[in-house]
Amino acid sequence: RLSTAPSRRCDAEEAAAAVMGADKTAVYSPIIGIPDGVYNFGPREKKDAVWSWVFGVVLLAVVAGGALAYAGKKDAPAPALMQYGGACNATEFNFAQQLITNEKNYRKRAVKGDYDDRTPSAAAAMGQTMRSDTAPRKTGHEVGNSTKTGPFDAKEFASGAIVWIVIAFVGSFFLGLLLLYMFRSCAHTMVWGVVYMKVGCLGLLTLMCLYSGMTLGFIIFLVLTLLTAFMFYVWMDELNLIASMLSVATQGLKDNPHLVTYTILLQFSTLLYIFPAVAAMMFAAMNGKVTVSSKIVAQDPDTFVCTDFQGTPVDCCEWAVDSWVPMYTTLAVFSVFWVVSMALEMRLYVIGGTLCQWYFAPAGTTDFSGIVSGAFSNAMGPSFGTICFGSFILAMVEMVKAAMEKLRRQERDNILVCLLATCLECVYALIEYISKFATLQAAMTGDSFCDAASSVSDLLQRNFLTAYGTYAFPSMILQGAALVLAVGFGVATWLLSLATYTASNAVNAGLYAGLIGLLSGVIAFVVLSFFVMIMLNVVDAVFLCYAMDKDRNMSNHMEFHSIFNEVNEKNKPQGAVVQGPDGGLMYAAV
């Protein structure tokens with residue numbers, strides 16, 4: 001173990017180190033009483049406990065609201081009664097008066113410019129014979145009798161597809177393990193295989209456009225192909241370094257295989273809440289009453305078809321939910337976001353705690369049993385409030401993203417909305433970036449979320465926060481490899497299912513096999529993306545451990561230091577530190 005005390009430097013060296021961000025006078029503070037000074041084995045103090053109570057209250061509110069919704073649910077009238085007004089034509093509904101009120105409201109909106117009244121008004125349509133396009137719509141029974149049976153037999157397809165879907169799920173899991181093994185044993189081949197695939201696909205599209213006579217498409221794809229190839233050529237050394245980094249990072253997964261087991265259980269455990277929450281929202285939507293539709297302004301006396309202000313046929317009646325339902329639905333949707341974010345944060349926490357113990361274990365250690373369960377115990381115990389707080393932030397970010405995306409679709413021509421959405425994307429990325437490393441820091445030290453965010457931001461800023469921008473490539477490489485494997489898996493499933501259906505003399509063998517191949521490819525990509533996220537979390541955790549190691553002038557894993565140091569040197573500003581006439585320090589480079 002190397003000494004953590006910084007060596008004495010001359011004044012010029014200290015000034016240069018201050019600019020380079022390598023001043024070790026403010027090193028990472030070791031945890032008192034901990035052998036390695038980094039991982040807090042406990043007993044840990046509870047942090048951010050209030051957020052665990054808030055999380056519990058939200059879930060209890062959703063569960064209680066779902067119980068009340070189930071008790072008060074009502075069945076809506078038949079669709080035909082809702083369509084032609086049979087469900088809301090009783091005296092207490094004041095049907096005729098509601099038509100007049102609706103028309104007045106629409107006319108007020110049209111005068112203010114809030115409604116497009118360029119179509120014929122409803123007043124002109126009142127009492128007149130309806131056009132052929134507003135004739136009563138056929139019921140589902142009539143439509144079913146008049147429609148010919150299509151070639152696709154859903155029952156026949158489902159009976160044969162279930163087995164293939166199960167095979168796809170099981171096979172995708174083993175495909176994920178194969179992905180981990182390949183990046184462990186032949187990382188450089190995998191990385192450059194993805195690179196060649198991307199350039200090759202663009203080149204193939206270029207040739208297809210040329211063959212089809214699409215001059216503009218040929219020029220566009222040719223430029224993209226050349227730019228992509230040039231980018232990979234410029235970043236050739238970085239790609240080789242990333243291949244080595246992925247190879248050594250997967251060693252942590254190899255030594256701690258139960259990380260995959262725990263993360264799979266965490267993901268499936270979210271379904272235990274999501275399904276009941278969705279059911280509760282459906283029950284809540286059944287709490288209400290039938291009212292006269294607020295859209296209609298006229299009803300044909302012969303056909304009983306109702307029309308809106310523009311003369312478009314609409315249902316005469318509508319289901320109005322109770323006043324508490326929208327608020328409850330919003331709370332339930334947010335709780336689902338929160339639970340999903342919590343599963344992701346807990347996965348990151350368990351990986352961070354496990355990899356920190358693995359990284360700082362004494363040299364020669366081969367038995368790492370129990371460290372995954374220990375990290376999970378900390379996640380469910382002292383740091384549960386911290387995870388609740390971090391996942392709350394991520395859930396809020398996702399809610400704001402959804403709201404902003406909806407606003408952007410509604411205001412496509414508003415340049416201010418577009419600019420605001422673009423700026424917020426940067427804010428989202430920054431919040432998610434800090435939250436990720438704050439969770440990893442909390443997993444290692446047991447700090448509260450805010451303290452962990454502050455200390456890890458200072459740690460990365462002192463060392464090589466800029467250099468970490470190089471590691472944007474792993475996500476692209478891993479996702480590319482997952483896509484290639486998923487496509488190959490889908491094609492293989494398509495060929496095998498096609499042979500099976502053909503042997504059984506199925507009429508729609510090609511159609512059924514194509515759908516099975518498509519579904520299998522999608523399932524494989526989703527499962528492989530799960531393994532990709534685990535690998536990326538491992539890379540982040542190892543990177544943070546290396547940052548702590550470097551900040552304390554220690555070298556626990558030389559293989560990591562050699563790779564990360566090489567990456568950092570490539571991102572390190574070139575030149576010398578000089579002192580200007582005013583006493584300020586700056587870089588001087590040729």
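Summary of values
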| item | result |
| --- | --- |
| Over 31 Å between alpha carbons, listed pairs K47/K550; K74/K401; K46/K406; K155/K401; K155/K295; K254/K406 | K74/K401; K46/K406; K155/K401; K155/K295; K254/K406 |
| Convex hull of segment 218-339 built on C-alpha atoms - directionally averaged projected area, nm² | 17.1 |
| Equivalent-ellipsoid semi-axes of segment 385-544, from the Cα gyration tensor, Å, largest first | 41, 23, 15 |
| Taking the C-alpha atoms of segment 201-266, convex hull volume expressed per residue in Å³ | 133 |
| Extension reserve of the F230-M286 stretch, reckoned as 0.36 nm per residue once the Cα distance is removed | 14.3 nm |
| Per residue accessible area of segment 393-437, 1.4 Å probe, in Å² | 67 |
| Stretchable slack from V507 to M214, in nm (0.36 nm times residue separation minus alpha-carbon distance) | 101.7 nm |
| Å³ per residue enclosed by the Cα convex hull of segment 263-413 | 173 |
| Length released on extending from A80 to I100, taking residue separation times 0.36 nm less the Cα-Cα span | 4.9 nm |
| Virtual spin-label span in nm between V427 and S475, 7 Å along Cα→Cβ | 2.0 |
| L416 paired with S377, simple spin-label distance in nm, labels 7 Å along Cα-to-beta-carbon | 5.7 |
| Rounded FRET efficiency, nearest 0.05, which uses the C-beta distance separating S269 from V57 and R0 of 25 Å | 0.80 |
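The values are calculated or read from the model by the stated rules, or taken from the named source; none is laboratory data. What you see is a predicted model, and the numbers here were worked out from it, not measured in a lab. Virtual Cβ from ideal backbone geometry, glycine too; neighbours counted across all protein chains shown. What goes into the accessible areas is simple: the full protein's heavy atoms, side chains included, and nothing from ligands, DNA or RNA. Shrake-Rupley method; radii C 1.70, N 1.55, O 1.52, S 1.80 Å.
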